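A short write-up of the structure that comes next.
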Ligand code: PHE
């Protein structure tokens, strides 16, 4: 009797040791038979009552050994199957497959245009200067040779801060030039990009906010010819190598002499179109030799140094380039409009 009982346990042990389940399903069968809640080992413990007292201990140890053998073999099989499954999944995962498209935003046409201008001037040694949009009267006007009651203040309708005659929204980034001149010794070679404000009635052609890039070059012996050459380089880089420039005499309080620069129309190659109003020329910027009075106000020796300055509006250039017919589109942030500039250069 006892021998039979022992024999049965040894059979189960052998069955466990020789089992070779391969697939997930076969391993599951193994689990159900030897490890699961209704496994075949559990009932074997019950047979202990039929074993002679002097062999009960031996029997108990044997059944426990079978139970442990079943558990450790199952763990081993399970690990094998999982590793194989991971490997198979790895093969299915195609790392070269194209990814889900991400809906990227687009750069704003103002930024695209501004960055191009900045890049062109940086290549010839200008660095970028930035400063505040809320300015005081001194930096925006007085330092720019436009004292109070000067009629030229009317050229730029100004937003003053509430209850203030002193603080205003800058009307041009010339205020940045004033700050740089006060704090830096020549040679100075900067461009000042940024947003400016003027109290204008909003229409398709005008807005109360817009962007500028202004430039300033101060050193000994800087001449009008240097300015012309610099601006010609800019025009050719910006609008194409065939571009011609034309300087017309003009007036700004902070430069003398002053000029406005036209470029040959890059839309129609100067043949005449509605953008250049059939003149072949498009006005791009204002410029001139820095007035000695500006140097003196900003603490630069006007006997030793000369310089040139220029300033241009960005919206106008972006509108010409991308044929945008209403300036308001540039400030409304309608994604149907902005989305059109995803691949713009
Ligand atoms: N500050 C002028 C403007 O905003 C532009 C300008 C800058 C003209 C420098 C000449 C020289 O209109």
When residues of the range 247-267 are limited to those that are away from the ligand (no atom under 11 Å from the Cβ) and surrounded by 15 or more Cβ atoms within 10 Å (Cβ to Cβ), the one farthest from residue 145 (Cα to Cα)
267
Within the range 195-209, residues closer than 12 Å to residue 313 by Cβ and touching a strand residue (DSSP E or B) at 6+ places or on another chain (Cβ under 6 Å) come out as 195, 196, 209
Only residues that are touching a residue at least 40 places away in the same chain (Cβ under 8 Å) and surrounded by 18 or more Cβ atoms within 10 Å (Cβ to Cβ): list them for the range 159-178, please.
172, 173, 174, 175, 176, 177, 178
So, in the range 223-273, how many residues would count as being within 26 Å of residue 294 (Cβ to Cβ) and out of contact with any helix residue (DSSP H, G or I) (no Cβ under 9 Å at 6 or more places or on another chain)?
17
Filtering the range 304-322 down to residues that are more than 16 Å from the ligand (Cβ to nearest atom) and without any contact (Cβ under 8 Å) to a residue 40 or more places away in the chain yields 319
With the condition being over 58 Å from the mean Cα position of the chain (by Cα) and over 18 Å from residue 72 (Cα atoms), I'd like the helices (runs of 4 or more DSSP H) fully within the range 1-51 carrying at least 2 qualifying residues.
2-18, 42-46
Considering residues of the range 192-227 that are in a helix (DSSP H, G or I) and more than 13 Å from the ligand (Cβ to nearest atom) only, the residue surrounded by the most Cβ atoms within 10 Å (Cβ to Cβ):
226
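Readers should treat all values here as calculations from the given coordinates under stated rules, not as data from a laboratory. For clarity, every value in this text was computed on a predicted model and none was experimentally measured. With ideal geometry, Cβ positions are generated from the backbone for all residues, glycine too; neighbour counts draw on all protein chains shown.
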